[in-house]
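Participant: Provided herewith is a single structure, encoded as structure tokens, for subsequent inquiry.
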Amino acid sequence: MAMRIYNSLTQQKEPFEPLVPGRVGMYVCGPTVYKPSHIGHAVGPIIFDAFKRYLRRKGYQVTWVVNITDVDDKLIAEAAAQGCRVDELARRVTEGYLAALQALNVTGIDHMPRASEHIPEIIDICRRLIDRGAAYVSGGDVYFDVTADEDYGKLSHRRAEDQLAGLRELTGQEKRHAGDFALWKAAKPDEPPEVQFDSPWGKGRPGWHIECTAMSVRYLGESFDIHGGGMDLIFPHHENEIAQSETCFGRPFAKYWMHNGLTRFNTKKISKSDPQMARLMEQLVLSRLLEKYSGELLRFFVLATHYRRPIDFSDEEMAARQKGLESFYRLFERAARISGRDPYAGGETLEQAGPAAAAGFEAFAEACANHQRRFFEQMDDDFNTGGAIGVLFELATTINRFMDEQRAETTSDQRVRRLASAAVQTLRELGGILGLFERPPARPAAAVDALVGELMELLIAVRAEARKTRQFALSDMIRDRLAGHGIRLEDRPEGTVWRREG
Ligand SMILES: [Zn+2]
């Protein structure tokens with residue numbers, strides 16, 4: 001089956017055919033680096049990283065660009081609030097973002113350009129738009145004239161007149177039409193020097209939309225294959241990117257527009273200005289979440305939902321996904337016991353083992369091949385990672401059942417061990433397309449602490465039981481051995497408590 005993806009531009013699923021056969025250029029709008037990234041900022045990178053892996057698996061050569069918006073009103077305001085330079089704030093927040101991407105196994109980004117490093121390209125596009133009569137200078141600002149783009153509104157499926165009517169109240173006097181947007185903003189007297197760039201129209205800085213046009217064209221060309229981003233960017237950001245790009249270069253901008261659903265935090269009742277919201281967002285900062293949950297779990301959580309659907313984030317949802325992920329880990333541990341080898345070190349897959357290895361176990365091999373085929377069908381159908389993960393669960397169940405039936409742990413039949421191990425490697429290979437199961441599970445400190453706590457409760461309960469039945473040698477052994485690990489038990493009227501010494 002050929003791959004189909006939903007194109008926001010045409011509002012339907014279309015066969016995926018890149019402009020140049022075998023090569024794919026993909027641009028995804030990145031963060032505005034003024035405050036620490038939260039879980040919502042990780043969704044796009046995780047989805048498109050997995051998408052790139054899948055395209056590569058299908059044989060495409062992919063160039064993926066994610067920009068960093070490091071010049072913006074929000075950065076200027078935040079730097080002023082913190083009493084630091086804008087570029088210093090941007091550097092600090094960007095570092096945190098990159099560290100989070102690494103923890104989430106987002107490895108496929110080829111270029112991560114900063115807006116501040118592409119000012120000449122931005123000025124050049126502004127100049128060309130002015131020359132074409134599609135942009136005009138007004139008091140040191142440069143505005144794009146939306147009436148210059150005949151099909152303005154084609155992505156958001158709104159007519160330009162609706163926009164003009166809707167926005168008229170908000171307009172400043174310096175614009176010709178209410179819907180016109182700034183390509184270049186003149187420097188204000190109180191703005192710091194690091195955000196004041198020289199231009200033919202005086203000192204100033206770029207508008208947000210033009211940054212993405214300049215950086216996508218610089219790395220992918222005037223026309224490229226895929227433009228991605230969150231659904232909240234369709235209007236006005238992406239609409240404006242299309243308008244200025246196609247008017248400037250006279251050719252179609254991105255062929256496919258892919259928009260991911262937004263993250264919901266189960267906080268419909270909390271308004272953005274409510275202090276509760278600020279506290280909640282604090283907890284959803286990626287660096288904090290990564291202390292609590294592994295990067296693999298966060299990645300698994302995001303990919304378990306179809307990318308166009310909203311993602312509901314909550315600790316309960318995460319706990320449920322953790323259980324799902326653990327079932328795969330248990331299968332890999334079982335494979336290690338059966339084969340005596342570390343499954344994360346790789347090994348032959350079912351395909352590599354070949355049909356001869358499955359002789360006598362054809363039904364199992366056939367079932368695995370079916371799951372594999374269905375995995376690719378799900379991925380080909382608008383990149384349905386949630387469906388594909390569902391198939392991985394089924395494959396894991398099939399493998400576990402085979403191991404049970406063949407008594408894989410104790411059998412002397414080496415063919416069973418080889419086949420079971422190969423099936424596990426096939427599962428790992430499919431997971432790898434989603435960026436999962438590449439290395440042994442990392443347990444964040446908080447999760448380890450929780451497990452230690454549960455095990456201690458268990459030991460304390462066993463010791464109490466031993467004392468109740470007067471097995472004092474056993475209860476003393478538990479206490480002494482724990483002391484050997486630096487853990488002291490204290491018997492109190494309300495029960496036994498434990499603490500670490502030193
Ligand atoms: Zn953008």
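Throughout, read-outs are computed from the coordinates displayed, never taken from laboratory work. All values derive from a computational prediction rather than experimental measurement.
Participant: Determine ³J(HN,Hα), in whole Hz, for all residues of region 122-131 in sequence, where each value follows from phi through the Karplus function 6.51 cos²θ - 1.76 cosθ + 1.60 and θ = phi - 60°; x replaces Gly and Pro.
Facilitator: 5, 4, 4, 5, 4, 4, 5, 5, 5, 4
Participant: Using only the Cα atoms of the chain, what do you get for the radius of gyration and for Dmax, in Å?
Facilitator: Over the chain's Cα set, Rg and Dmax evaluate to 28.0, 95 Å.
Participant: For Lys13, go through the lysines and keep the ones whose alpha-carbon is under 24 Å away, minus same-chain ones fewer than eight residues off.
Facilitator: Here the lysines satisfying the reach criterion relative to Lys13 are Lys52, Lys58, Lys154, Lys255.
Participant: Across the Cα atoms of region 314-433, what radius of gyration and what greatest pairwise Cα-Cα distance (Dmax) are found, in Å?
Facilitator: 14.5, 47
Participant: To continue, here is another question. Using only the Cα atoms, work out Rg/Rh for region 445-500, with Rh taken as the Kirkwood radius, to two decimals.
Facilitator: Ratio of gyration radius to Kirkwood radius for region 445-500: 0.98.
Participant: Once the principal axes of the Cα atoms of region 68-166 are found, what is the range along each, listed largest first in whole angstroms?
Facilitator: Each principal axis gives a Cα extent; for region 68-166 these are 44, 33, 28 Å.
Participant: What list of ³J(HN,Hα) values in whole Hz, one per residue of region 254-260 in order, does the Karplus curve 6.51 cos²θ - 1.76 cosθ + 1.60 (θ = phi - 60°) give from phi, with Gly and Pro shown as x?
Facilitator: Per-residue couplings from phi come out as 8, 7, 10, 10, 10, 10, 8 Hz.
Participant: Among all the lysines, which ones have a C-alpha under 18 Å from Lys74's C-alpha, if same-chain residues fewer than 8 places away are not counted?
Facilitator: Lys35, Lys185, Lys188, Lys272
Participant: Find the percent of Cα-Cα distances in region 192-296 that exceed 22 Å, and round it to a whole number.
Facilitator: 56
Participant: Shifting gears a bit: So what's the gap between the Cα centers of region 343-419 and region 196-272, to the nearest angstrom?
Facilitator: About 43 Å separates the Cα centre of region 343-419 from the one of region 196-272.
Participant: Counting each pair of different Cα atoms once, what's the Kirkwood radius of region 242-369 in Å, rounded to one decimal?
Facilitator: That comes to 19.6 Å for region 242-369.
Participant: If amide H atoms are built 1.01 Å from N in the plane of the peptide, which residues on other chains or at least 5 residues away come under 5 Å of the amide H of Arg23?
Facilitator: Gln61
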